[in-house]
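Each remark here refers to the structure printed beneath this line.
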Amino acid sequence: MSTAPTSTQTAVVTGAGSGIGRAVALELLRAGWRVALAGRRTETLEETAALAPGTAAFTVRTDVADPDAVAELFAAVRERAGRLDLLFNNAGTFGPGGVPVEELSYDAWRHVVDTNLNGAFLCAQAAFRLMKEQDPQGGRIINNGSISAHAPRPHSIAYTATKHAMTGLTKSLSLDGRPYRIACGQIDIGNAATDMTERMQTGALQANGEVVPEPVMDVADVARTVRHMAELPLGANVQFATVLATNMPYVGRG
């Protein structure tokens, strides 16, 4: 069972302006964390902060695919908070939906890779540096994987490739962080109810070619799981967690 931090701890949540990022940021803020809300749109970040008034939130406009912007984000965290205890590496994009592999443009492929994989690496690298240098040393990185880190949807090659790569990123960070008390885990999420998954409730293309509505779950259940992972002592780690709508077509053959 999670317990609130004994003193104010600091988290960075990327993609905090909507969806899973917003839900996790709010869960942490309500539990007493200081949270740097990072994302590309200042107005949506400010909307997130306004949903938890009186909390220790601050917004940093950030494109995670831009190395300079990521450096500025973590410099702001160092200046405002003095240390970093958690990175929730969440920012991501699905890319153009329903595009067969032979029709996917290189620019579209590159955009998904730059956001989902390169952005996750840049943020993890910056967090790792700060956690290694700070006193007391250490911290936690939680990567947002996906059910697509295990099994693809049709016409999702860019998204699926990046989410499979996220698993390798998680494992390498976990291994390389051992000497510095840096724990790294991954949460693989299936059908949390957000704007990104809204279409699934009306019909999602299945591997057999059928279009079938899929169940979704409350995004708050994801947020509570991330908080549990975040508030474990650094001597314990959830390496991989899978949280999904119970009846979604994933386990077995649908």
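For this structure, a couple of remarks:
- The number of residues in the range 32-50 that are surrounded by 18 or more Cβ atoms within 10 Å (Cβ to Cβ) and closer than 18 Å to Arg83 by Cα comes to 6.
- Residues in the range 1-19 that are modelled with pLDDT of 95 or more and either among the β-branched types (Val, Ile, Thr) or closer than 19 Å to Met131 by Cα (or both): Gln9, Thr10, Ala11, Val12, Val13, Thr14.
- Which numbered condition His164 fails, given (1) closer than 16 Å to Asn143 by Cα; (2) part of a loop (DSSP other than H, G, I, E, B): (2)
- Subset of the range 140-160 [of a type in the set (A, V, I, L, M, F, W, C) and either more than 22 Å from His228 (Cα to Cα) or over 16 Å from the mean Cα position of the chain (by Cα) (or both)]: Ala151, Ile157, Ala158
- Which listed residue is modelled with pLDDT under 95 and either surrounded by 14 or more Cβ atoms within 10 Å (Cβ to Cβ) or assigned to a helix (DSSP H, G or I) (or both), from Pro96, Pro53: Pro96
- Residues in the range 123-163 that are surrounded by 20 or more Cβ atoms within 10 Å (Cβ to Cβ), within 21 Å of Ala236 (Cα to Cα) and basic (Lys, Arg): Arg140 alone.
- Residues satisfying the criterion are absent from the range 172-192 (criterion: in contact (Cβ under 8 Å) with a residue 24 or more places away in the chain, part of a loop (DSSP other than H, G, I, E, B) and of a type in the set (A, V, I, L, M)).
- Taking (1) aliphatic (A, V, I, L, M); (2) assigned to a loop (DSSP other than H, G, I, E, B); (3) under 17 Å from Gly92 (Cα atoms) in turn, Ile142 satisfies each apart from (2).
The values are calculated or read from the model by the stated rules, or taken from the named source; none is laboratory data. This structure is a prediction, so every number in the text was calculated from the model and none was measured. Heads up, the Cβs are rebuilt from the backbone with ideal geometry, glycines too, and the neighbour counts pull from every protein chain shown.
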